[in-house]
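What follows is one structure encoded as structure tokens, with my remarks underneath.
The values are calculated or read from the model by the stated rules, or taken from the named source; none is laboratory data. What you see is a predicted model; the values in this text were computed from it and never measured. Counting neighbours? That spans all protein chains shown, and the Cβs are built from the backbone with ideal geometry, glycine included. Side chains are part of the model used for accessible areas, which takes the heavy atoms of the whole protein and leaves out ligands, DNA and RNA. Shrake-Rupley method; radii C 1.70, N 1.55, O 1.52, S 1.80 Å.
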Amino acid sequence: QFAARSYPEILRNEKICSCTVIGLDPIKEKENKAKRVDIHMNYQILLKSDHWEIGFDKLLHMLPIVGTAYKKVYYDTITGENRSELCLPNEIIVNDNVQKLQVARRITHIIPTYYNLVVERVRMGIYREEILENLANKNNTSKEKDYDKPLQLYEQHRWLDLDNDGLEEPYIVTVETNSGQVCR
């Protein structure tokens, strides 16, 4: 019932987003730009994306059962489009004392993946090449590599001071959990 009632309220008139003009707009320049952004965003989310609606419907069904669900929205450099993924609470690690995600020092997404996907990302320049050497060394204990054995990555959104200027900046760090090696 929750999903059946919520979905039409959120997706009114086949639109998921709308823009509002703030401030004076005597020549309607801001209003026209807002309409163009509105049309384009709805096109990207509802027509161009084949995964948003499925994930959102699943979210609405799981939310009353589980109590918490997350949507991870990002630009995918591989496909060249915006992505929206449903993340369940057992896939997200956040400090229990955090009141809202915007102030969390670290948010970790547990990502199950496979060796072949890691190789693809290394060849595309997304992951470091050293990760393949470490994974190959771990797989050399058996005569055949186990390509079907799932790997687990931790993608952590966190604050770090990598340039040693005394100020922490936001970074995304991806680690392969078995080896503890940084992929990205």
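The set of residues from segment 107-118 being surrounded by 14 or more Cβ atoms within 10 Å (Cβ to Cβ) and in contact (Cβ under 8 Å) with a residue 40 or more places away in the chain comprises I107, T108, H109, I110, I111, T113, V118. Of the residues making up segment 122-175, those that are in a helix (DSSP H, G or I), at pLDDT below 90 and among the charged types (D, E, K, R) are E130, E133, K138. Criterion applied to D76, D38 was being within 26 Å of I172 (Cβ to Cβ) and open to solvent by less than 70 Å² (accessible area, probe 1.4 Å), and the one residue passing it is D76. For segment 91-105, a residue qualifies if it is surrounded by 14 or more Cβ atoms within 10 Å (Cβ to Cβ) and of a type outside the set (V, I, T), and the qualifying residues are E91, A104. Taking segment 6-21 as the search range and keeping residues that are within 23 Å of E53 (Cα to Cα) and among the β-branched types (V, I, T), which one is surrounded by the fewest Cβ atoms within 10 Å (Cβ to Cβ)? So, considering only residues that are within 23 Å of E53 (Cα to Cα) and among the β-branched types (V, I, T), the one surrounded by the fewest Cβ atoms within 10 Å (Cβ to Cβ) is I10.
In the set A104, A34, only one residue is out of contact with any strand residue (DSSP E or B) (no Cβ under 7 Å at 6 or more places or on another chain) and closer than 30 Å to G125 by Cα; that residue is A104. Annotation note: of L24, L47, the sole residue that is over 21 Å from the mean Cα position of the chain (by Cα) and exposed (fewer than 14 other Cβ atoms within 10 Å of the Cβ) is L24.
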